[in-house]
Structure formats: C-alpha cells, structure tokens
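S.K.: This structure is in structure tokens; I'll ask about it shortly.
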Amino acid sequence: MIESQAGISLAADRDTFLQGIDIALRSSERQRSSFALLKVDVGADDTARASAIAAIRANVRLNDTVAVLNEREFAVLLAVGSEGGAQRVAGKIIDSLVAVCTNVTPQDIAIGIAIYPAHGTTRDQLLRSADNAQYQARRNRRGIVVAARSDDVAAEGATPAAPTGPRPDLSQRMGSAVEQNEFVLRYQPAADLTSGRLLSAEALVRWHHPELGLLPPAEFLYLAERDGTIDMLSLKFIEYALVQMRAWRDRGTSLPVSVNLPASTLQHADLEPSVLGRLHDLALAPDSLTIELRDDQLTKLSPEAMKNIFMLANAGVRISIDDFGRGAASLLALRDLPVHEIKIDPGFVAAVATSTADAAIIAALVGLCRALGRRVIAKGVETREVCDKLRELGCEGGQGFYFSRAIEGDALPGWRMGAESQAS
C-alpha cells in the first residue's frame with residue numbers, strides 16, 4: 001500500500017487490486033449487481049505519483065480501490081458502478097489530475113472503462129476490456145473510452161465512425177457543432193414501479209461527431225466546462241428538449257422531461273427568462289419541464305443560482321435532486337429548496353435486493369419524501385430483483401437499463417415497460 005503522511009492507505013499494489021476484482025466478481029454474481037474498472041494513464045512519466053493518487057482517490061468512495069500499476073498508470077475499482085456513473089467519475093478524475101499535476105493536460109490523460117458483466121464476466125476479460133478501451137483513448141486522444149459492447153450501436157441508433165489518424169480537437173469544434181446541429185438528445189424513461197406506465201424521461205446529450213461517431217457526454221462536457229461554453233450548451237439542450245416535447249404534444253402525447261444542469265448554468269442571468277420564455281412560446285405547461293440539480297453540487301450553489309431555482313419553481317417548473325445521497329447537503333436541500341422529486345444515487349440501489357443497509361436507507365428516504373410530498377425515483381435499476389425490492393419498499397419510480405437505455409425522441413411515445421427489461 002502507498003500511504004499518505006497521515007498514515008491512511010490511498011493506493012493498493014497490483015496484487016491487492018487483482019484480489020479486489022475477484023472479491024467484486026463473487027459479490028456481484030451473488031447479488032446480480034454491477035461494478036466498474038477504470039484504467040487511468042496520466043501520460044507523463046515525471047508526474048508526482050502521490051499527487052495523482054490523491055487526485056484520483058478524492059473522486060471515489062471509501063470502499064472503492066485505487067491501485068498503482070506503474071509510474072504513469074493507475075487503476076480504479078468502483079465497487080458499485082454503472083456505465084454512466086463510471087463516466088462521471090472518470091470526468092472528475094481528469095479535472096482533478098489536471099488541477100494538481102502541473103505538467104498534465106486533459107489531452108494527455110487516457111481512461112478506459114469496463115463494466116461487469118457487460119464487458120466481461122471474468123477478471124481477465126474485464127482487464128482486457130479496460131486495457132483495450134484505454135488503448136483506444138490513448139491512440140485517438142479521446143480522453144475517456146468505454147469498452148465496446150455489441151448493443152451500444154443499436155441502442156443509440158447510429159454507427160460510430162472508426163477514427164484514423166490524430167484525434168480532432170473537440171474544444172475548437174464545439175461552437176460550429178452547435179450551429180451544425182451535431183448535438184442530439186436521447187431520452188431514458190423513468191417508469192412507475194407499480195403500473196409500469198411512463199412517468200417521465202431524462203434528456204441525455206450526445207455529440208454526433210462527423211469523424212468520431214456518437215460521443216457520450218463524459219468525452220466532451222468537461223471540455224465545455226473548462227473553456228466556458230457549458231452554459232451556452234446547457235441552454236441549447238433545454239431548447240432541444242422543449243422543442244421535442246412540443247413535437248410529442250403535436251402528435252397527441254404529453255411527456256414530461258428532465259434536464260440536468262451544472263451549477264454554473266443555474267446562476268446564468270438568462271436561465272429563468274430563457275426557459276420561461278420558450279415554455280410560453282411553445283405553449284408548454286411549466287410543470288412539463290424538470291430541472292435536475294446534482295446532489296454533489298448543492299453546496300456550490302451561488303445566491304444567483306438559488307434565486308433562479310426559486311423563480312423557476314414559483315413559475316411551475318419542477319425541481320429534482322439527482323444522485324440523492326452522494327453529497328453532504330442532501331437533507332438540507334429537502335428542507336431549504338423547492339424540491340419536487342429526488343433520484344436516489346445508484347450506489348444505494350444496485351445491491352438493495354441483498355443489502356439490508358441499502359434497503360433500510362431507501363425505505364427511510366421513501367418515508368421521508370412521502371411525508372414531505374416529494375416523489376422518489378431510484379436510478380441505476382438493472383435487474384428484476386432490484387425492481388421488485390424497490391416496489392416492496394414503496395419507491396414510486398425507477399430508471400435504468402432494466403427498463404430501457406436512452407432512446408431517440410421519436411421512439412419514446414411508443415415505449416412500453418417490458419420489451420427491453422425482459423430482454424435484459
């Protein structure tokens with residue numbers, strides 16, 4: 001183990017890490033849950049190893065494992081991890097590494113992600129998948145690459161290009177990508193756990209890059225946050241979602257949609273008038289839109305952001321806390337913010353069918369939110385057992401691969417619970 005000055009173990013050696021994978025495999029097979037492997041290459045031989053370890057460790061949970069593979073390469077075992085969650089962690093790791101390692105830029109870092117069981121059911125298969133993904137990230141300078149999965153292309157409805165040569169500079173192309181409508185939204189349904197009906201859908205952005213194919217948000221949103229274009233993009237994504245809702249309504253279907261906004265956009269001066277103005281122009285009810293606030297950003301909300309949140313809520317726009325339970329201000333937000341809904345962090349959901357602790361936490365959250373008049377949706381639902389347990393605990397809604405992956409807007413009105421979940 002590598003230890004900090006305080007004597008706390010920060011990183012495991014390779015053998016300990018491999019043993020951790022074996023333990024995770026046995027546990028996940030028994031509980032029918034998922035976990036994630038991340039291979040992190042910082043791209044600089046003279047990087048201060050202790051600083052890199054601390055930066056990685058700061059973005060994972062206490063029960064996750066960080067290991068040193070060599071001077072420039074590290075590995076992370078997320079004890080509970082979905083694909084989206086692993087991508088978010090990877091994006092945060094990149095930001096932290098750039099902040100503490102002065103000789104490292106985002107383009108230097110390559111992270112490969114493999115998820116059990118989607119990318120392998122044995123230790124060797126998962127390590128090989130993570131290695132291959134990291135190799136693709138390094139070769140094509142893609143930053144973050146998730147291991148290939150046979151149903152990824154079909155799920156997104158597009159065929160990614162096979163990049164050749166140096167990777168294009170994504171940050172330089174972002175402005176023109178908006179003008180050329182290269183950004184698209186996919187929608188992941190949230191289902192009522194009792195009736196199976198569609199409750200709502202979360203809008204998830206993708207970049208349909210002409211050379212690189214369909215890119216997930218973890219590959220480009222951190223660049224937008226770094227260069228200051230994230231607010232412009234976020235407002236554009238809200239516009240896309242509202243236009244899609246109007247198109248559904250014109251076809252006779254009313255579907256509420258949620259959009260996740262970063263802390264910087266929440267304080268943007270144009271947020272409230274822009275959102276309410278477009279809702280009015282499109283003749284959409286304000287409560288058809290939900291603004292999601294990430295739990296881990298609640299302590300970063302400025303007075304301007306709080307003002308916007310309250311003005312939007314007073315106008316009828318719904319407010320949701322995403323990944324509830326991850327941050328330090330969850331309960332305070334339920335008390336102090338005009339919250340209509342919480343989405344429970346997948347870390348509490350994945351093992352709820354077998355973990356008495358997770359079940360007790362979710363039961364308590366359901367009871368609390370019911371008393372406060374808030375709706376509860378569980379994120380990261382991937383198995384029938386988890387779905388059944390959540391229903392037993394009184395949770396109203398669920399979102400995750402058990403129900404559906406993110407799908408194109410035109411397909412959402414015809415979505416029915418059962419087709420994808422039975423195939424999963």
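None of the figures in this text is laboratory data; all of them are computed from the coordinates on show. Please read all numbers here as calculations on a predicted model, not as lab measurements. FYI the Cβ positions are ideal-geometry reconstructions off the backbone, even for glycines, and counts take in every protein chain you see.
S.K.: Just list whichever of 300/389; 92/389; 236/300; 92/379 have alpha carbons separated by over 28 Å in the model shown.
M.R.: Too far apart for the 28 Å limit: 300/389; 92/389.
S.K.: Is the C-alpha gyration tensor of segment 207-322 telling us rounded, prolate or oblate? Criteria: a/c under 1.5 is rounded; beyond that, a/b larger than b/c is prolate, otherwise oblate.
M.R.: Oblate, since a/c reaches 1.5 and b/c is not below a/b.
S.K.: Using a/c under 1.5 as the rounded threshold, could you call segment 2-149 rounded, prolate or oblate? The axes a ≥ b ≥ c are square roots of the C-alpha gyration tensor eigenvalues, and prolate needs a/b larger than b/c, oblate otherwise.
M.R.: In terms of gyration-tensor shape, oblate.
S.K.: May I ask you to compute the full-extension gain from residue 264 to residue 15, defined as 0.36 nm times their residue separation minus their alpha-carbon distance, rounded to one decimal in nm?
M.R.: That pair, residue 264 and residue 15, stretches by 85.5 nm at full extension.
S.K.: Aspartates and glutamates within cross-link reach of residue 343: Cα-Cα under 12 Å, excluding same-chain residues under 8 positions apart?
M.R.: 202, 292, 295, 322, 323, 396
S.K.: Need the full-extension length gain, residue 370 to residue 226, defined as separation in residues times 0.36 nm minus the C-alpha distance. One decimal, nm.
M.R.: So the extension gain works out to 47.9 nm.
S.K.: Let me ask something else. Could I have the simple spin-label model distance between residue 274 and residue 243, label points 7 Å from Cα toward Cβ, reported in nm to one decimal?
M.R.: With each label placed 7 Å out from Cα toward Cβ, I get 1.4 nm.
S.K.: What ³J(HN,Hα) values, in whole Hz, does the Karplus curve 6.51 cos²θ - 1.76 cosθ + 1.60 give for segment 251-264 when θ = phi - 60°, with x put for Gly and Pro?
M.R.: Once rounded to whole Hz, the list reads 9, x, 10, 9, 10, x, 10, 10, 10, 8, 10, x, 4, 5.
S.K.: Okay, moving on. Along Cα→Cβ, 7 Å out, is where each label goes; now give me the distance between the ones at residue 124 and residue 385 in nm to one decimal.
M.R.: The two pseudo-label positions are separated by 2.7 nm.
S.K.: Note the angle between two axes, namely the Cα long axis of helix 356-372 and the longest principal axis of the Cα atoms of the chain, as a number of degrees from 0 to 90, rounded to the nearest 10.
M.R.: 30
S.K.: Something else about it: As an exercise, use a Förster radius of 25 Å and the Cβ-Cβ distance of residue 30 and residue 62 to find the FRET efficiency, rounded to the nearest 0.05.
M.R.: Efficiency for this residue pair is about 0.70.
S.K.: Give or take rounding to whole Å, what are the principal axis extents of the alpha carbon atoms in segment 214-266, in descending order?
M.R.: 41, 26, 13
S.K.: Also, I was wondering about something else. Using 0.36 nm times the number of residues separating residue 236 and residue 197, minus their current alpha carbon distance, what extension gain do you get?
M.R.: Residue separation times 0.36 nm, minus the Cα-Cα distance, leaves 11.1 nm.
S.K.: Show me, for segment 395-405, the HN-Hα J-couplings you get by feeding each phi into the Karplus relation (A = 6.51, B = -1.76, C = 1.60, θ = phi - 60°), rounded to Hz, glycine and proline as x.
M.R.: Working through the residues one at a time gives 5, 7, x, x, 9, x, 5, 4, 8, 5, 7 Hz.
S.K.: While we're on this one: Take every Cα-Cα pair in segment 170-423 and report what % of them are more than 32 Å apart.
M.R.: The share of Cα pairs beyond 32 Å in segment 170-423 comes to 20 percent.
S.K.: Let me ask something else. List the residues, sorted by chain then number, that are 5 or more residues from residue 292 or on another chain and whose placed amide H is less than 5 Å from its amide H.
M.R.: Here 259, 260, 261, 320 satisfy the definition.
S.K.: Could you tell me which of rounded, prolate or oblate describes segment 292-338, using a ≥ b ≥ c as the square roots of the eigenvalues of the alpha-carbon gyration tensor, with rounded for a/c under 1.5 and, failing that, prolate when a/b is larger than b/c and oblate otherwise?
M.R.: Taking the square roots of the gyration eigenvalues as a ≥ b ≥ c, segment 292-338 is prolate.
S.K.: Taking θ = phi - 60°, what integer Hz values does the Karplus form 6.51 cos²θ - 1.76 cosθ + 1.60 yield along segment 170-182, in sequence order, with x for Gly and Pro?
M.R.: Result, ordered by residue: 5, 5, 6, 8, 4, x, 5, 5, 5, 4, 8, 6, 7 Hz.
S.K.: Okay, moving on. Out of residues 5 or more away from residue 35 or on other chains, whose amide H comes under 5 Å of its own, with H placed 1.01 Å from N in the peptide plane?
M.R.: For residue 35, whose amide H was placed from the backbone, the distant partners under 5 Å are 81, 116.
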